[in-house]
Amino acid sequence: MEFKIIHDAIHGSIKFQGITLRLLETPEMQRLNAIKQLGLGYLVFPGANHTRLEHSIGVSYVAGRMGEALQLPKEERMLLQIAGLLHDIGHAPFSHTLEYLLHEKTGLDHMEITTKIIEGKVDILKGVEIEESERVAEILDEYSISKEMLKKMILGKTERKMDILQVDRNQGYFGQGKNYLVNIISGSLDADQIDYLLRDAHYTGVAHGAIDFPRILNTLKIRNGELMLDKKGVPALEGMLVARALMYSAVYFHKTNRIGELMISRALELAEMENWMDVYRFNDAELLSFLLAQKGYPREIALRIKYRKLFKKALVLRSEELEEDKIVELRELFELKKRRKVEREIAEGAGIEPYYVLIDIPQKIADLSEPRLAKTDVKIVDGDKVYMFSKFSPLARALQIRKVQDWVLMVATPKNFVEKVRKSAKRVLLP
């Protein structure tokens with residue numbers, strides 16, 4: 001059987017053959033080779049030029065290793081590798097950067113786009129003729145892979161909740177359903193998070209993402225059809241969840257990174273776009289080229305991104321400075337129409353064009369782009385009994401309530417407008 005060995009910077013040599021090799025070579029997968037894993041993160045961390053394809057290869061590998069550690073049947077290990085490989089094919093250019101805008105315009109997030117590509121309901125490369133190219137959906141059909149199961153795994157849809165206190169040792173992982181397959185791909189302790197934490201820490205040079213993957217592997221358990229962890233693995237789990245929280249604060253929601261993302265999203269919003277689904281055809285370079293070909297503001301922003309001439313923060317409102325009612329009120333500005341209305345009011349007060357005022361509501365973005373962030377609902381096996389992670393670790397509750405950033409709202413504008421935008425923003429937001 002034909003095979004290829006890919007040398008990965010994080011996991012070493014990884015072998016692809018059969019269906020995984022064919023899927024890897026599809027146009028849908030190869031598009032990810034020109035989409036940066038951390039979007040505009042390279043503007044802050046120059047080494048962060050790794051791609052969604054690298055991450056997808058890593059998730060496929062980690063999911064397969066988890067399946068091996070649990071001694072799952074060959075067919076299930078293969079399903080995990082396939083799901084890990086395909087889980088991000090619905091990402092737009094610059095990864096999560098355009099997430100909220102595209103969700104507003106299409107009503108779909110990247111995971112839903114992913115499942116539609118898998119089902120063959122969306123062809124992001126329709127009309128593009130490439131020699132010897134196969135589509136993902138066609139290959140899955142040829143190998144009789146359950147698309148419905150892949151969808152559940154990627155979307156994190158488990159079967160009914162199980163009584164974790166009733167454990168039948170004889171049932172093993174064939175107990176009540178196979179939620180463990182879903183848990184491994186999209187859960188509180190999944191292959192996706194393990195890979196992106198290791199990979200992003202490596203390429204950004206930020207030490208927070210270091211986790212004890214071997215320890216986690218060696219303490220994985222399956223009870224009642226769910227993925228769990230032996231109590232001996234609790235310290236490693238604590239380390240992973242703390243690493244996740246710190247990486248979000250230090251890397252994913254770095255203020256400069258967020259400003260770049262706001263700028264390019266606003267530029268695309270004002271560009272001439274007939275069909276918003278067409279955005280999913282682009283890779284990073286193609287999106288920038290599209291914006292550079294526009295006139296006015298979209299072109300200006302594309303040039304600013306290209307040469308790193310970013311807007312500056314004019315006002316930052318932190319949670320400790322605000323009453324709870326005000327925090328709730330400000331977070332309502334996440335809705336696009338409300339946010340644009342307030343941006344116009346601030347701009348009018350400053351005497352500038354409305355698109356030169358950008359408001360960021362980071363917690364809402366975090367909820368949309370990473371819904372697992374506050375989840376610490378891993379189940380811990382202690383002998384014959386199963387407990388929630390919170391029983392073994394006081395960190396669990398702290399991580400649930402911890403926010404990824406220390407600010408509720410940020411206003412950004414070009415450097416020359418900072419002072420007058422700050423004054424206007426305070427009048428509008430803090431009357």
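The values are calculated or read from the model by the stated rules, or taken from the named source; none is laboratory data. None of the values given here were measured: they were computed from a predicted structure. All Cβ positions, even for glycine, are placed from backbone atoms using ideal geometry, and neighbour counts span all protein chains on display.
Residues in region 283-299: is at least one assigned to a helix (DSSP H, G or I), within 25 Å of the chain's Cα centre (by Cα), of a type in the set (G, A, S) and crowded, with 17+ Cβ neighbours inside 10 Å?
Looking through region 283-299, none of the residues is assigned to a helix (DSSP H, G or I), within 25 Å of the chain's Cα centre (by Cα), of a type in the set (G, A, S) and crowded, with 17+ Cβ neighbours inside 10 Å.
Output the residue which, of all residues in region 320-345 that are within 14 Å of A425 (Cα to Cα) and out of contact with any Leu (no Cβ under 8 Å at 6 or more places or on another chain), is surrounded by the fewest Cβ atoms within 10 Å (Cβ to Cβ).
Restricting to residues being within 14 Å of A425 (Cα to Cα) and out of contact with any Leu (no Cβ under 8 Å at 6 or more places or on another chain), the top hit is K341.
Name, by its number, the condition in (1) over 20 Å from L395 (Cβ atoms); (2) touching a His at 6+ places or on another chain (Cβ under 9 Å) that does not hold for A245.
Only one criterion is unmet by A245, namely (1).
If I ask for residues that are in a helix (DSSP H, G or I) and at pLDDT below 90, which ones from region 107-119 would you list?
Result: H110, M111.
Kindly list the number of the only condition in (1) in contact with a Lys or Arg (Cβ under 6 Å, 6 or more places away or on another chain); (2) of a type in the set (F, W, Y); (3) under 15 Å from I361 (Cβ atoms) that fails for W276.
(3)
Go through (1) under 18 Å from H202 (Cα atoms); (2) among the aliphatic types (A, V, I, L, M); (3) assigned to a helix (DSSP H, G or I) one by one and return the number of the condition A63 breaks.
Of (1) under 18 Å from H202 (Cα atoms); (2) among the aliphatic types (A, V, I, L, M); (3) assigned to a helix (DSSP H, G or I), only one is false for A63: (1).
Is there a residue being part of a helix (DSSP H, G or I) and without any contact (Cβ under 8 Å) to a residue 24 or more places away in the chain anywhere in region 80-88?
No, the conditions are met nowhere in region 80-88.
Identify all residues within region 176-208 that are under 15 Å from the mean Cα position of the chain (by Cα) and of a type outside the set (A, V, I, L, M); write none if there are none.
The answer is S186, G187, S188, D190, D192, Q193, D195, Y196, R199, D200.
Could you tell me how many of the residues in region 305-319 are loosely packed, with under 15 Cβ neighbours inside 10 Å and either among the hydroxyl-bearing types (S, T, Y) or touching a residue at least 12 places away in the same chain (Cβ under 8 Å) (or both)?
4
Testing E320 on (1) modelled with pLDDT of 90 or more; (2) under 21 Å from Q405 (Cα atoms), one condition comes back false. Which one is that?
Going through the list (1) modelled with pLDDT of 90 or more; (2) under 21 Å from Q405 (Cα atoms), E320 breaks only (1).
Hey, can you tell me all the residues within region 374-400 that are under 30 Å from E112 (Cβ atoms) and either modelled with pLDDT of 70 or more or in contact with a helix residue (DSSP H, G or I) (Cβ under 6 Å, 6 or more places away or on another chain) (or both)?
Those that are under 30 Å from E112 (Cβ atoms) and either modelled with pLDDT of 70 or more or in contact with a helix residue (DSSP H, G or I) (Cβ under 6 Å, 6 or more places away or on another chain) (or both): A374, T376, D377, V378, K379, M388, F389, A396, L399.
Of all residues in region 214-264, how many are closer than 19 Å to K312 by Cα, of a type in the set (G, A, S) and touching a Lys or Arg at 6+ places or on another chain (Cβ under 7 Å)?
Going through region 214-264 one residue at a time, the tally reaches 0.
Tell me, which residue of region 1-13 that is surrounded by fewer than 19 Cβ atoms within 10 Å (Cβ to Cβ) and hydrophobic (A, V, I, L, M, F, W, C) is modelled with the lowest pLDDT?
Only one residue fits best here, namely M1.
For residues in region 34-50 being loosely packed, with under 15 Cβ neighbours inside 10 Å and in contact (Cβ under 8 Å) with a residue 40 or more places away in the chain, which is farthest from T114 (Cα to Cα)?
Looking at the filtered set, the residue picked out is G47.
Can you name the helices (runs of 4 or more DSSP H) wholly within region 198-277 that have at least 1 residues being charged (D, E, K, R), in contact (Cβ under 8 Å) with a residue 60 or more places away in the chain and surrounded by 18 or more Cβ atoms within 10 Å (Cβ to Cβ)? Break it down stepwise before answering.
Working: elements: 213-218, 234-247, 255-269.
In region 198-277, the matching helices (runs of 4 or more DSSP H) lie at 234-247, 255-269.
Hey, D141 hits all of (1) more than 18 Å from the chain's Cα centre (by Cα); (2) buried (at least 21 other Cβ atoms within 10 Å of the Cβ) but one; which does it fall short on?
Failed condition: (2).
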